[in-house]
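The values are calculated or read from the model by the stated rules, or taken from the named source; none is laboratory data. Please read all numbers here as calculations on a predicted model, not as lab measurements. In this analysis, Cβ positions are derived from the backbone assuming ideal geometry, glycine residues included, and neighbour counts consider all displayed protein chains.
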Amino acid sequence: MVGQRIVVRRVVRGETGPTGGPAFTDLLGTCLSWDQESCVVQPETGAAVTIALADIVSGKPVPPRPSVRQRVGVREAEGRTGVLWPDLERVPLGAWELRHEPAPAGRPRKRANSCLAVGDPGRPVAEALAEVVAFYGARSRDPLVQVEAGSPVEDDARAAGWQALDHGESELRLAGLSVVRRALGRRRQEAGLAVTGSRAHATLGTGCDPLAEAQATLDGDWLGVYGLTVDPAHRRRGLGGDVLAELLDWGAEQGATTVWLHVETANPAGLAFWDALGLAPHHVMRYLAPVTR
(Lines give C-alpha, C1' and ligand atoms only; values in the text may rest on other atoms or scores of the structure.)
Protein backbone atom coordinates (compact mmCIF):
# COMPACT_ATOMS: atom_id res chain seq x y z
CA MET A 1 0.00 0.00 0.00
CA VAL A 2 2.89 2.39 0.66
CA GLY A 3 3.29 4.76 -2.24
CA GLN A 4 -0.18 4.02 -3.62
CA ARG A 5 -3.19 6.28 -3.79
CA ILE A 6 -5.78 4.95 -1.32
CA VAL A 7 -9.10 5.83 0.25
CA VAL A 8 -9.55 5.00 3.93
CA ARG A 9 -12.81 5.03 5.91
CA ARG A 10 -12.22 5.57 9.61
CA VAL A 11 -14.14 6.11 12.84
CA VAL A 12 -14.28 9.68 14.13
CA ARG A 13 -13.76 9.31 17.88
CA GLY A 14 -16.13 11.29 20.09
CA GLU A 15 -18.69 11.96 17.34
CA THR A 16 -22.05 10.34 16.59
CA GLY A 17 -23.28 9.55 13.11
CA PRO A 18 -26.74 10.41 11.68
CA THR A 19 -28.14 7.02 12.72
CA GLY A 20 -26.95 7.39 16.31
CA GLY A 21 -23.98 5.08 15.86
CA PRO A 22 -20.32 5.95 15.33
CA ALA A 23 -19.43 8.73 12.88
CA PHE A 24 -17.24 7.85 9.89
CA THR A 25 -15.17 9.91 7.48
CA ASP A 26 -13.24 9.07 4.32
CA LEU A 27 -9.73 10.22 3.51
CA LEU A 28 -8.26 10.09 -0.01
CA GLY A 29 -4.53 10.44 -0.51
CA THR A 30 -1.17 8.74 -0.92
CA CYS A 31 -0.11 6.19 1.68
CA LEU A 32 3.24 7.33 3.08
CA SER A 33 3.75 4.58 5.66
CA TRP A 34 2.03 1.61 7.27
CA ASP A 35 3.11 -0.23 10.42
CA GLN A 36 1.51 -2.37 13.12
CA GLU A 37 -0.21 0.57 14.82
CA SER A 38 -0.99 3.25 12.24
CA CYS A 39 -0.81 4.44 8.71
CA VAL A 40 0.06 7.90 7.38
CA VAL A 41 -1.87 9.31 4.45
CA GLN A 42 -0.94 12.46 2.53
CA PRO A 43 -4.06 14.11 1.05
CA GLU A 44 -3.77 16.26 -2.07
CA THR A 45 -3.82 19.39 0.07
CA GLY A 46 -2.87 20.01 3.68
CA ALA A 47 -0.72 18.11 6.13
CA ALA A 48 -0.28 14.34 6.29
CA VAL A 49 -2.76 12.48 8.53
CA THR A 50 -1.84 9.67 10.93
CA ILE A 51 -4.64 7.11 11.39
CA ALA A 52 -4.65 4.43 14.05
CA LEU A 53 -5.26 1.01 12.50
CA ALA A 54 -7.89 0.35 15.19
CA ASP A 55 -9.96 3.24 13.76
CA ILE A 56 -9.92 1.99 10.17
CA VAL A 57 -13.23 0.52 8.99
CA SER A 58 -12.23 -0.15 5.39
CA GLY A 59 -9.72 0.93 2.79
CA LYS A 60 -8.68 0.21 -0.77
CA PRO A 61 -6.26 1.43 -3.42
CA VAL A 62 -7.66 3.74 -6.10
CA PRO A 63 -6.26 4.57 -9.56
CA PRO A 64 -3.84 7.48 -9.75
CA ARG A 65 -5.50 10.77 -10.56
CA PRO A 66 -4.84 11.81 -14.16
CA SER A 67 -2.44 14.69 -14.55
CA VAL A 68 -3.86 18.15 -15.04
CA ARG A 69 -2.86 17.96 -18.69
CA GLN A 70 -4.62 14.64 -19.22
CA ARG A 71 -7.81 16.14 -17.78
CA VAL A 72 -7.97 18.69 -20.58
CA GLY A 73 -10.92 17.95 -22.90
CA VAL A 74 -10.45 16.63 -26.42
CA ARG A 75 -11.97 19.77 -27.96
CA GLU A 76 -9.62 22.06 -26.05
CA ALA A 77 -6.56 19.93 -26.81
CA GLU A 78 -7.33 19.70 -30.52
CA GLY A 79 -8.17 23.39 -30.60
CA ARG A 80 -4.56 24.08 -29.65
CA THR A 81 -3.38 22.50 -32.90
CA GLY A 82 -4.85 25.30 -34.97
CA VAL A 83 -1.86 27.49 -34.11
CA LEU A 84 0.12 25.52 -36.72
CA TRP A 85 -1.91 27.21 -39.46
CA PRO A 86 -2.56 30.82 -38.41
CA ASP A 87 -3.98 31.83 -41.82
CA LEU A 88 -6.77 29.25 -41.98
CA GLU A 89 -10.34 30.18 -42.73
CA ARG A 90 -12.27 29.04 -39.66
CA VAL A 91 -16.04 28.83 -39.53
CA PRO A 92 -17.83 27.58 -36.38
CA LEU A 93 -20.51 24.93 -36.74
CA GLY A 94 -21.76 24.73 -33.17
CA ALA A 95 -18.80 23.27 -31.27
CA TRP A 96 -17.41 21.96 -34.56
CA GLU A 97 -15.00 24.01 -36.64
CA LEU A 98 -14.80 24.10 -40.44
CA ARG A 99 -11.18 24.64 -41.46
CA HIS A 100 -9.92 25.67 -44.89
CA GLU A 101 -6.44 26.57 -46.06
CA PRO A 102 -6.87 29.04 -48.94
CA ALA A 103 -3.25 28.96 -50.16
CA PRO A 104 -1.51 25.77 -49.02
CA ALA A 105 2.25 25.51 -49.37
CA GLY A 106 2.44 22.23 -51.27
CA ARG A 107 -0.31 19.66 -50.99
CA PRO A 108 -3.28 20.55 -48.76
CA ARG A 109 -3.00 19.02 -45.30
CA LYS A 110 -5.93 16.98 -44.02
CA ARG A 111 -5.98 18.63 -40.61
CA ALA A 112 -5.99 22.11 -42.13
CA ASN A 113 -8.72 21.20 -44.63
CA SER A 114 -11.19 19.21 -42.59
CA CYS A 115 -13.93 19.90 -40.09
CA LEU A 116 -12.91 19.37 -36.47
CA ALA A 117 -16.03 17.44 -35.46
CA VAL A 118 -15.74 17.21 -31.68
CA GLY A 119 -18.64 18.15 -29.44
CA ASP A 120 -22.17 19.27 -30.28
CA PRO A 121 -22.69 20.90 -33.69
CA GLY A 122 -25.95 22.43 -32.49
CA ARG A 123 -28.09 20.48 -34.96
CA PRO A 124 -28.53 16.80 -35.85
CA VAL A 125 -25.23 15.30 -36.96
CA ALA A 126 -26.66 14.35 -40.36
CA GLU A 127 -27.57 18.01 -40.98
CA ALA A 128 -24.16 19.16 -39.81
CA LEU A 129 -22.47 16.72 -42.18
CA ALA A 130 -24.53 18.10 -45.07
CA GLU A 131 -23.21 21.57 -44.19
CA VAL A 132 -19.67 20.17 -44.18
CA VAL A 133 -20.20 18.80 -47.71
CA ALA A 134 -21.55 22.15 -48.90
CA PHE A 135 -18.71 24.12 -47.26
CA TYR A 136 -15.91 22.15 -48.88
CA GLY A 137 -17.75 21.77 -52.17
CA ALA A 138 -17.94 25.57 -52.44
CA ARG A 139 -14.14 25.65 -52.01
CA SER A 140 -13.38 22.81 -54.43
CA ARG A 141 -12.17 20.52 -51.66
CA ASP A 142 -13.21 17.01 -50.74
CA PRO A 143 -15.41 16.94 -47.61
CA LEU A 144 -13.60 15.54 -44.60
CA VAL A 145 -14.26 15.46 -40.85
CA GLN A 146 -11.78 14.77 -38.08
CA VAL A 147 -13.42 12.94 -35.17
CA GLU A 148 -12.37 11.42 -31.87
CA ALA A 149 -12.07 7.67 -32.39
CA GLY A 150 -14.96 5.78 -30.81
CA SER A 151 -16.96 8.91 -30.03
CA PRO A 152 -20.74 9.30 -30.49
CA VAL A 153 -19.99 11.75 -33.32
CA GLU A 154 -18.08 9.04 -35.15
CA ASP A 155 -20.94 6.59 -34.62
CA ASP A 156 -23.46 9.08 -35.98
CA ALA A 157 -21.28 9.95 -38.97
CA ARG A 158 -20.83 6.30 -39.86
CA ALA A 159 -24.58 5.80 -39.58
CA ALA A 160 -24.98 8.68 -42.04
CA GLY A 161 -22.79 6.92 -44.59
CA TRP A 162 -19.33 8.27 -43.81
CA GLN A 163 -16.36 5.94 -43.49
CA ALA A 164 -12.85 6.16 -42.05
CA LEU A 165 -9.86 6.81 -44.24
CA ASP A 166 -7.27 4.05 -44.20
CA HIS A 167 -4.54 6.53 -43.28
CA GLY A 168 -4.01 9.56 -41.09
CA GLU A 169 -5.26 8.18 -37.76
CA SER A 170 -3.15 9.77 -35.03
CA GLU A 171 -2.72 10.11 -31.30
CA LEU A 172 -2.43 13.48 -29.61
CA ARG A 173 0.21 13.14 -26.93
CA LEU A 174 0.92 15.44 -24.00
CA ALA A 175 3.54 15.81 -21.30
CA GLY A 176 5.05 18.37 -18.99
CA LEU A 177 7.86 20.08 -20.83
CA SER A 178 10.20 19.59 -17.89
CA VAL A 179 9.47 15.85 -17.90
CA VAL A 180 10.51 15.50 -21.53
CA ARG A 181 13.63 17.61 -21.03
CA ARG A 182 14.73 15.35 -18.19
CA ALA A 183 14.07 12.24 -20.28
CA LEU A 184 16.21 13.62 -23.11
CA GLY A 185 19.16 14.10 -20.78
CA ARG A 186 22.33 15.78 -21.98
CA ARG A 187 22.43 16.48 -25.68
CA ARG A 188 25.32 15.31 -27.82
CA GLN A 189 25.49 18.44 -29.94
CA GLU A 190 23.64 21.74 -30.15
CA ALA A 191 21.36 22.31 -33.10
CA GLY A 192 20.97 25.55 -34.98
CA LEU A 193 17.83 27.46 -34.12
CA ALA A 194 15.87 29.93 -36.24
CA VAL A 195 13.03 31.80 -34.54
CA THR A 196 10.25 33.74 -36.23
CA GLY A 197 7.70 35.14 -33.80
CA SER A 198 6.08 32.21 -31.99
CA ARG A 199 7.72 29.59 -34.22
CA ALA A 200 11.12 27.93 -34.05
CA HIS A 201 12.99 25.62 -36.44
CA ALA A 202 15.90 23.52 -35.17
CA THR A 203 18.38 21.86 -37.56
CA LEU A 204 21.54 19.80 -37.48
CA GLY A 205 23.80 19.82 -40.53
CA THR A 206 24.10 22.29 -43.33
CA GLY A 207 22.75 22.66 -46.82
CA CYS A 208 19.35 21.86 -48.25
CA ASP A 209 19.17 18.43 -46.63
CA PRO A 210 19.90 18.66 -42.88
CA LEU A 211 20.78 15.56 -40.92
CA ALA A 212 17.87 16.23 -38.56
CA GLU A 213 15.26 18.93 -38.12
CA ALA A 214 12.08 19.71 -36.23
CA GLN A 215 9.75 22.66 -35.68
CA ALA A 216 7.73 24.01 -32.77
CA THR A 217 5.03 26.62 -32.28
CA LEU A 218 4.13 28.35 -29.04
CA ASP A 219 0.52 28.98 -27.96
CA GLY A 220 0.40 30.44 -24.47
CA ASP A 221 2.22 27.92 -22.30
CA TRP A 222 1.66 25.05 -24.77
CA LEU A 223 4.46 24.09 -27.16
CA GLY A 224 3.46 22.09 -30.24
CA VAL A 225 6.21 20.01 -31.86
CA TYR A 226 5.97 18.79 -35.44
CA GLY A 227 7.99 17.86 -38.51
CA LEU A 228 10.66 15.84 -36.69
CA THR A 229 12.74 14.07 -39.34
CA VAL A 230 16.17 12.44 -39.34
CA ASP A 231 18.15 11.48 -42.44
CA PRO A 232 17.78 7.68 -42.79
CA ALA A 233 21.55 7.26 -43.04
CA HIS A 234 22.07 9.00 -39.70
CA ARG A 235 19.36 7.50 -37.53
CA ARG A 236 19.90 5.93 -34.09
CA ARG A 237 22.56 8.51 -33.24
CA GLY A 238 20.42 10.74 -31.03
CA LEU A 239 20.10 13.49 -33.62
CA GLY A 240 16.32 13.65 -33.27
CA GLY A 241 16.73 14.17 -29.55
CA ASP A 242 19.26 16.93 -30.15
CA VAL A 243 16.97 19.04 -32.33
CA LEU A 244 14.05 18.34 -29.99
CA ALA A 245 16.10 19.45 -26.99
CA GLU A 246 16.88 22.74 -28.74
CA LEU A 247 13.19 23.40 -29.30
CA LEU A 248 12.25 22.50 -25.73
CA ASP A 249 14.95 24.78 -24.33
CA TRP A 250 13.57 27.61 -26.44
CA GLY A 251 10.02 26.81 -25.37
CA ALA A 252 10.99 26.79 -21.69
CA GLU A 253 12.62 30.20 -22.10
CA GLN A 254 9.31 31.49 -23.50
CA GLY A 255 7.34 30.13 -20.52
CA ALA A 256 6.00 26.88 -22.01
CA THR A 257 5.06 24.17 -19.51
CA THR A 258 3.25 21.65 -21.73
CA VAL A 259 4.47 19.97 -24.90
CA TRP A 260 2.11 18.24 -27.34
CA LEU A 261 2.31 16.56 -30.71
CA HIS A 262 0.48 14.24 -33.09
CA VAL A 263 1.92 10.86 -34.04
CA GLU A 264 0.24 8.45 -36.44
CA THR A 265 -0.92 5.19 -34.90
CA ALA A 266 0.61 3.33 -37.86
CA ASN A 267 4.10 4.57 -36.90
CA PRO A 268 5.40 2.10 -34.28
CA ALA A 269 8.91 3.59 -34.24
CA GLY A 270 7.48 7.05 -33.59
CA LEU A 271 5.18 5.76 -30.86
CA ALA A 272 8.11 4.04 -29.12
CA PHE A 273 10.25 7.19 -29.37
CA TRP A 274 7.63 9.38 -27.71
CA ASP A 275 6.82 6.68 -25.14
CA ALA A 276 10.45 6.76 -24.01
CA LEU A 277 10.25 10.53 -23.53
CA GLY A 278 7.14 10.36 -21.36
CA LEU A 279 4.62 11.79 -23.83
CA ALA A 280 1.40 9.97 -22.95
CA PRO A 281 -1.55 9.42 -25.33
CA HIS A 282 -4.47 11.77 -24.64
CA HIS A 283 -6.87 10.61 -27.37
CA VAL A 284 -6.98 9.25 -30.93
CA MET A 285 -8.33 11.17 -33.92
CA ARG A 286 -9.31 9.78 -37.30
CA TYR A 287 -10.67 11.16 -40.56
CA LEU A 288 -14.02 10.26 -42.11
CA ALA A 289 -15.22 10.97 -45.62
CA PRO A 290 -18.62 10.40 -47.23
CA VAL A 291 -19.00 7.19 -49.19
CA THR A 292 -19.07 7.96 -52.90
CA ARG A 293 -21.44 6.01 -55.07
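Rundown of residues vs (1) modelled with pLDDT of 85 or more; (2) under 26 Å from the mean Cα position of the chain (by Cα); (3) farther than 30 Å from Ala134 by Cβ, yes/no style:
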residue: Met1; (1), (2), (3): no, no, yes
residue: Val8; (1), (2), (3): yes, no, yes
residue: Val12; (1), (2), (3): yes, no, yes
residue: Gly17; (1), (2), (3): no, no, yes
residue: Val49; (1), (2), (3): yes, no, yes
residue: Leu53; (1), (2), (3): yes, no, yes
residue: Gln70; (1), (2), (3): no, yes, yes
residue: Gly73; (1), (2), (3): no, yes, no
residue: Gly82; (1), (2), (3): no, yes, no
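Among strands (runs of 3 or more DSSP E) lying entirely in region 14-108, which contain 2 or more residues that are in contact (Cβ under 8 Å) with a residue 40 or more places away in the chain, surrounded by 14 or more Cβ atoms within 10 Å (Cβ to Cβ) and of a type in the set (Lys, Arg)? Steps first, please.
Numbers: elements: 22-34, 38-42, 49-52, 56-61, 89-93, 96-100.
Passing ranges: none, list empty.
Suppose the filter is under 30 Å from Pro268 (Cβ atoms), at pLDDT 90 or above and touching a helix residue (DSSP H, G or I) at 6+ places or on another chain (Cβ under 9 Å); does Leu165 pass it? So Leu165 fails the test. For region 218-263, a residue qualifies if it is outside any strand (DSSP E or B), among the charged types (D, E, K, R) and closer than 28 Å to Val72 by Cα, and the qualifying residues are Asp221, Glu246, Asp249, Glu253.
Give the residues of region 284-293 that are in contact (Cβ under 8 Å) with a residue 12 or more places away in the chain and surrounded by fewer than 23 Cβ atoms within 10 Å (Cβ to Cβ), sorted by residue number. Matches in region 284-293: Val284, Arg286, Tyr287, Ala289, Pro290, Val291. Condition test on Arg188, is it over 30 Å from Ala159 (Cβ atoms), in contact (Cβ under 8 Å) with a residue 40 or more places away in the chain, of a type in the set (D, E, K, R) and surrounded by fewer than 21 Cβ atoms within 10 Å (Cβ to Cβ)? For Arg188, the condition - over 30 Å from Ala159 (Cβ atoms), in contact (Cβ under 8 Å) with a residue 40 or more places away in the chain, of a type in the set (D, E, K, R) and surrounded by fewer than 21 Cβ atoms within 10 Å (Cβ to Cβ) - is met. Of the candidates Glu264, Glu246, the single residue that is farther than 20 Å from Gln189 by Cβ and touching a residue at least 12 places away in the same chain (Cβ under 8 Å) is Glu264.
Pick out the one residue from Gln215, Gln189 that is touching a helix residue (DSSP H, G or I) at 6+ places or on another chain (Cβ under 8 Å), of a type outside the set (Asp, Glu) and either in the same structural domain as Gly82 (by TED's automatic domain parsing) or part of a loop (DSSP other than H, G, I, E, B) (or both).
On inspection, the qualifying residue turns out to be Gln189.
Scanning region 122-143 for residues that are under 13 Å from Glu97 (Cβ atoms) and crowded, with 21+ Cβ neighbours inside 10 Å yields Ala128, Val132. Filtering region 264-283 to residues that are surrounded by fewer than 16 Cβ atoms within 10 Å (Cβ to Cβ) and either of a type in the set (Ser, Thr, Tyr) or in a helix (DSSP H, G or I) (or both) leaves Pro268, Ala269, Ala272, Asp275, Ala276. Regarding Arg237, is this residue touching a strand residue (DSSP E or B) at 6+ places or on another chain (Cβ under 9 Å) and either at pLDDT 90 or above or hydrophobic (A, V, I, L, M, F, W, C) (or both)? So Arg237 fails the test.
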